[in-house]
Amino acid sequence: MDMEVPIEKYKTIWISDIHLGTRGCSAEALLDFLKFTESDKLYLVGDIIDGWRLKKTWYWPQAHNDIVQKVLRKARKGTEVIYVCGNHDEVLRQFLGLQFGPIPIVDDDIHETADGKRLLVIHGDQFDGVVRYARWLAVLGDVAYDGMIWVNRWFNSIRRRLGFDYWSLSAYLKAKVKNAVSYISSFEEAVAQAAADRGVDGVVCGHIHKAELRQIGGILYANDGDWVESCTALVEHMDGRLEIIDWADRRQLNAWTMSPREPALAPT
């Protein structure tokens with residue numbers, strides 16, 4: 001199968017919310033993405049390692065170690081890798097301005113695209129009122145999300161046996177629950193306003209696990225999604241054009257099993 005997949009080359013790639021150290025991480029899908037993509041620059045836009053979860057229980061399978069090694073190998077071979085801290089890996093913020101091997105640790109960065117746009121690159125937790133002012137509630141929400149991921153895995157294992165495609169419970173609930181929709185909208189507007197205040201043309205962030213690419217009040221808002229469920233990345237083509245890549249969909253793979261998706265049952 002690998003021989004049939006060409007290497008996709010980009011000027012820049014942004015990925016975030018990998019959550020290494022958790023069972024929800026779609027490590028095999030990300031390894032596949034890293035194997036078949038190359039870029040001049042690679043941004044790790046926060047929550048790459050889930051320090052919150054690792055504090056409670058140690059979980060670090062070989063695939064998670066392989067991801068770290070793959071990124072370091074890319075850096076050694078000439079890819080400019082930049083690590084932007086998030087809230088789940090906030091412990092790294094004490095090392096801002098330093099480098100982990102060839103990889104600088106930063107809180108944010110300004111990226112200039114090939115067509116001259118200036119983009120603020122930031123994880124986004126700085127604009128999340130729950131994280132900033134009620135950390136206990138954020139931790140509680142994190143536990144609830146882990147539980148939902150567990151239910152989602154169980155539910156989708158049954159769907160897979162029946163021949164149905166993957167279906168995201170969390171994405172469905174986010175779309176249906178009014179408060180969640182309002183929160184996402186407020187977050188996006190706050191991040192876009194921060195970019196406007198910085199005098200840049202747009203912003204690239206993560207944090208809310210919802211890939212998006214659109215204009216908000218004259219500011220280009222881009223969220224690269226996550227590698228827990230959606231398996232998405234933001235890429236910049238050589239001409240400066242931005243695009244969200246849904247890797248699991250492009251490769252027609254189940255994000256967690258990396259097995260070919262089975263066709264859905266024909267309606268009866």
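The values are calculated or read from the model by the stated rules, or taken from the named source; none is laboratory data. All values reported here derive from a predicted model rather than from experimental measurement. Positions of Cβ are backbone-derived with ideal geometry, glycine not excepted, and every protein chain shown enters the neighbour counts.
Comparison of R198, R159, R214 shows that the only residue that is surrounded by 13 or more Cβ atoms within 10 Å (Cβ to Cβ) and modelled with pLDDT of 95 or more is R198.
Screening V71 with (1) closer than 20 Å to T12 by Cα; (2) hydrophobic (A, V, I, L, M, F, W, C); (3) touching a Pro at 6+ places or on another chain (Cβ under 9 Å) gives one miss only, at (3). Of all residues in region 194-252, exactly one satisfies the criterion of being within 15 Å of the chain's Cα centre (by Cα), of a type in the set (G, A, S) and at positive phi, namely G225.
The rows are residues; the columns are (1) among the small types (G, A, S); (2) over 22 Å from Q126 (Cβ atoms).
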{"site": "K11", "(1), (2)": "no, yes"}
{"site": "I18", "(1), (2)": "no, no"}
{"site": "A27", "(1), (2)": "yes, yes"}
{"site": "K35", "(1), (2)": "no, yes"}
{"site": "Y43", "(1), (2)": "no, no"}
{"site": "G51", "(1), (2)": "yes, no"}
{"site": "A63", "(1), (2)": "yes, yes"}
{"site": "F95", "(1), (2)": "no, no"}
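Identification of helices (runs of 4 or more DSSP H) wholly contained in region 1-119 with 3 or more residues that are crowded, with 16+ Cβ neighbours inside 10 Å and either touching a Cys at 6+ places or on another chain (Cβ under 9 Å) or modelled with pLDDT of 95 or more (or both) yields 27-35, 62-76.
Listed conditions (1) within 15 Å of the chain's Cα centre (by Cα); (2) more than 29 Å from A195 (Cβ to Cβ) are all met by G46, apart from (2).
Residues being touching a residue at least 24 places away in the same chain (Cβ under 8 Å) and touching an Asp or Glu at 6+ places or on another chain (Cβ under 9 Å): count how many of those fall in region 79-102. Residues flagged as touching a residue at least 24 places away in the same chain (Cβ under 8 Å) and touching an Asp or Glu at 6+ places or on another chain (Cβ under 9 Å) within region 79-102 amount to 12.
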